[in-house]
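Colleague: Got a structure for you, questions after.
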Amino acid sequence: MLTVKIKKIIKKKYKKKIVCLTAYSKNIAEILDKYCDIILVGDSLGTVLYDYNTTRKVSLNTIIEHSKSVRKGIKNSLMVVDMPYKTYRNKKEALKNAKHVISQTRCDAIKLEGGKKIIEIVKHLIKNKIQVMGHIGLLPQSQKGKFTFKGKTEIEKNKIFNDAKILASSGVFGIVMECIEKSLAKKITSSIKIPTIGIGSSAYCDGQILVTDDLLGLNNKNYRFVKKYANLKISIDKAINRFKEDVIKKLFPKNKNTY
Ligand code: KIV
């Protein structure tokens, strides 16, 4: 059974674009909550925050602790939490860990990477009343070698299309499509009744998601699919430099900052 919040998001499919972003902490979640339909505690936090070379190193505990913080900043958006690598290798493990994540974080849904390969696990979770979001195309938890867009060959296109169809019929409420070739993203979006949320997958998706740190310019990364809406790295640098100057010149603290 889909929740009211999820039904509202699904209804947007043919009417209005769905806005999604990642958050790893309360302060950011609180800002995003005013604007986003979905806030994802993505396992990208492993590479973005912890500087791991892969999201595979993110543990269940780490994602839970960040999700607890994010939960405190969300009042309206749908909160989705990524299930980390090797936490859903079979039905039993997936259900136990998904229930743990939900009870600890009070998130609305969880997200798993994969299509046909994990479909029995997805169905098992849904049968047990867990709201699941799919994720197809580029799958960082299982990608070997260079990250590149998906859907280059007809074989690859067919596989991804079938993944989308099988996930949609399993009862997931939406599918993240990561770095999927434009015509394939268009075909999938018009072939399924649930929303597609794109990242690097063209404007033909029902909604868009980005890693918030990327769009805020909190790092030096430049991805083709990211538009930088701010350059906070530079703003923070300037602010910290001013603090340093004030401390050295004894301009801070002033009387008003003192007890
Ligand atoms: O981990 C993450 O942040 C994600 C998004 C890139 C969709 O899965």
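The values are calculated or read from the model by the stated rules, or taken from the named source; none is laboratory data. This one's a predicted model, so the numbers in the text were calculated from it and none came from an experiment. Neighbour counts are summed over all protein chains in view; Cβ atoms, including those assigned to glycine, are modelled from backbone coordinates with ideal geometry. Surface accessibility is based on the protein's heavy atoms, side chains included, excluding ligands, DNA and RNA. Shrake-Rupley method; radii C 1.70, N 1.55, O 1.52, S 1.80 Å.
Colleague: Fully extended, how many nm does the chain gain between residue 75 and residue 26 (0.36 nm per residue separation, minus their Cα-Cα distance)?
Modeller: Numbers: separation 49, 0.36 × 49 = 17.64 nm, distance 1.12 nm.
Between residue 75 and residue 26, full extension yields 16.5 nm more.
Colleague: Averaging sequence separations of C-alpha pairs under 8 Å and six or more residues apart, then dividing by the length of the chain, give the relative contact order as a whole percent.
Modeller: It comes to 16 percent, rounded to a whole number.
Colleague: Could you pull out which residues in region 88-109 have an amide N less than 19 Å from a spot 7 Å beyond the Cα of residue 68, following the Cα-Cβ vector?
Modeller: Residues 97-109 fall inside that zone.
Colleague: Then there is this: For the chain, with all protein chains present and a 1.4 Å probe, just round the carbon and sulfur fraction of the accessible area to a whole percent.
Modeller: That fraction is 56 percent.
Colleague: Could you order 252, 173 by accessible surface area, starting with the largest, using a probe radius of 1.4 Å?
Modeller: Ranking 252, 173 by accessible area, largest first, yields 252, 173.
Colleague: Multiply the residue gap between residue 158 and residue 203 by 0.36 nm, knock off their C-alpha separation, and tell me the result in nm, one decimal place.
Modeller: 14.2 nm
Colleague: Wrap a convex hull around the Cα atoms of region 92-222, take a quarter of its surface area, and give that in square nanometres. Before the final figure, lay out the partial values.
Modeller: On the way: hull surface 35.5 nm².
One quarter of the hull surface, i.e. the mean projection, equals 8.9 nm².
Colleague: Based on alpha-carbon atoms only, what is the radius of gyration of region 1-138 relative to the globular estimate 2.2 N^0.38 Å?
Modeller: This ratio for region 1-138 stands at 1.00.
Colleague: What order do 246, 37, 82, 237 take when sorted by accessible area (1.4 Å probe), most exposed first?
Modeller: Most to least solvent-accessible, the answer reads 237, 246, 37, 82.
Colleague: Identify which of 26, 249, 186 has the largest mean-square fluctuation in a Gaussian network model of the chain, with springs joining Cα atoms closer than 10 Å.
Modeller: 249
Colleague: Give the separation of the Cα centroids, region 62-111 to region 167-229, in Å.
Modeller: When both Cα centres are located, 21 Å separates them.
Colleague: For the chain, what is the accessible area per residue in Å² when the probe is 1.4 Å?
Modeller: Solvent-accessible surface per residue comes out at 57 Å².
Colleague: Of 98, 121, 141, which is farthest towards the positive pole of region 88-150's charge dipole, taken about the Cα centre with +1 and -1 on the beta-carbons of Lys, Arg and Asp, Glu respectively?
Modeller: Result: 121.
Colleague: If the only charges are +1 at each Lys and Arg Cβ and -1 at each Asp and Glu Cβ, what is the size of the charge dipole of the chain around the Cα centre, to the nearest 20 debye? Mind dumping the intermediate values first?
Modeller: Values: 53 positive and 22 negative charges, 106 e Å.
That gives a dipole near 520 debye.
Colleague: I've got another one for you. Using Stokes-Einstein with the Kirkwood hydrodynamic radius over Cα pairs, what translational diffusion coefficient do you get for region 209-259 at 25 °C and a viscosity of 0.890 mPa s, in µm²/s rounded to a whole number?
Modeller: Estimated diffusion coefficient is 189 µm²/s.
Colleague: Another one. What list of whole percents do you get for P(r) of region 30-80, with Cα-Cα distances grouped in 5 Å bins up to the one holding the largest distance?
Modeller: 5, 21, 27, 21, 16, 9, 1
Colleague: Do any of 123/227; 96/228; 227/250; 127/228; 68/249; 15/75 go past 32 Å between their Cα atoms, and which?
Modeller: Exceeds cut-off: 123/227; 96/228; 227/250; 127/228; 68/249.
Colleague: Separate question: Computed on alpha carbon atoms, what radius of gyration and Dmax characterise the chain, expressed in Å?
Modeller: Gyration radius and largest Cα-Cα distance of the chain: 19.7, 70 Å.
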